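Have a look at the structure below before the remarks.
Derivation of every value follows stated rules applied to the coordinates shown; laboratory data play no part. The structure presented is a predicted model; accordingly, all values stated were derived computationally and were not measured. Glycine gets a Cβ as well: all are built from the backbone with ideal geometry, and neighbour counts include every protein chain shown.
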Amino acid sequence: MPVNRIRPTLLSALLFATLSACSAPEPEAVSRTEANYNVELDIAQLMSLVLEPASDMLWDSGGWVLDASGYEELYPTTDDGWAFVRAQAAIVVEAGNMLALPGRAEDDDAWMIYSEGLSEAGIMAMEAAEAQDKEAFFQAGGQLYSVCTACHQSYSPDIASRFDNSAD
């Protein structure tokens, strides 16, 4: 075999060996059962200490009020205000993830759908806050409310009914 044919073949083999040695090894998948999660906070604590304050801040920062005093918009008026509600929306995103953790998830069915929906509503709110898009922020708040209401109706009807005045 001529030397000119050996050199490209040898160079190709060396290049392949070098690239193979440099590539990252496949990460080992950690199953949900092998991971160690701290779920010391129960669902009620997670809701009252983490999710509810962040959600309330989003709802209190989007929309408008018309009363005897007149019309008032609730949206943030400064870049810092929008950054703050974006941070609250990030808490909502992660609260959805926390609710899906083993040891907290009530089941692998509707509970997981609601947890994911909570995170998706938080992402919507984050994106709207980043863009300072009032309409999209309002819609994200509505989506968040829908997910919370549906979950409460399914898993905690006593919470869902405490605001129902029709029983009085």
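Structure values in brief
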read-out: Evaluated at q = 0.20 Å⁻¹: base-10 log I(q)/I(0), Debye formula over Cα of the range 23-162; value: -1.15
read-out: Hull volume in cubic angstrom per residue (convex hull over the Cα atoms of the range 74-118); value: 67
read-out: Spin-label pair VAL65/GLU40, simplified geometry with 7 Å Cα→Cβ offset, distance in nm; value: 3.7
read-out: Relative contact order of the range 50-168, pairs being alpha-carbon contacts under 8 Å that are 6 or more residues apart, as %; value: 23
read-out: Furthest towards positive pole of dipole, ALA125, GLY142, VAL93, structure part the range 66-168, Cβ charges; value: VAL93
